[in-house]
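Beneath this line is the structure, given in structure tokens, with notes to follow.
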Amino acid sequence: MKALAPVTPSTSRKNLWRVAAGVSATAALTAWWVTDSAPYPYAQRWLLDLPLPFLTLRRLERMLRPQPGMRVLEIGPGTGLQSLHVAPRLGDEGRLDIVDIQQQMLDHVMGRASESGISNIAPTLADAHELPFPDACFDAAYLVTAIGEIPDPTVTLGELRRVLKPGGRLIVGEFFDRHQIRPAQLIDHATTAGLHVTKVMGPPFAYYALLRPCAGAL
């Protein structure tokens, strides 16, 4: 009969830490679900830094393809989780514009950027229904867990199509919550806005979608 390894105090403590970590993660996700509102309140900003399954920074980068010299737009940057990853990839000649309707969120991102030595992020306080940018000025744009919090997604997608250069890339990332835009809904909104979905990465509850302007869309 194989002898069982003795349970030492250190082993017991490790198990307790694992249980505590699991309970904390579950409690955090429960709090996020119960208190989820649109737009996401700044007071609960710490939840925005929790890693979401499938919506990884690596996957976002693969879909967005940021390159030095590009000008990229992010709607709803939250605490800057994606911003601080994308901006350095644009280089000194590139720029990341971030748009939010909460000045506190923009200030938070800029504070983190300053601490990290990132100087190519430009904040704009604005409503995503009416973007204060000229036509065809961005090489790419993205929204992560933000499109479902916008009252009229079709209007915002139309604005994003307007400010994208011909052939520009738009990435939409969505995670399962009360505001999620499901893939089929996104396709409907995109078609109305003059965009078409060319690729979806991930399962329906946590996916990235690549959208491009339709040829001849007004």
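Readers should treat all values here as calculations from the given coordinates under stated rules, not as data from a laboratory. Every value quoted in this text rests on a predicted model; they were computed, and no experiment measured them. Note: ideal-geometry Cβ built from the backbone for every residue, glycine included; neighbour counts use all protein chains shown.
Worth pointing out:
- Here the simple spin-label model places points 7 Å from the Cα toward Cβ, and for C214 and F176 these points are separated by 3.1 nm.
- Contour minus Cα-Cα distance for S116 and I101 (0.36 nm per residue): 3.0 nm
- Residue separation of V200 and Q185 scaled by 0.36 nm, minus their Cα-Cα distance, works out to 4.1 nm of gained length.
- Residue list for the stretch 176-216, given a label point 7 angstrom along the Cα-to-Cβ vector of R62 and an amide N cut-off under 18 Å: 198-211
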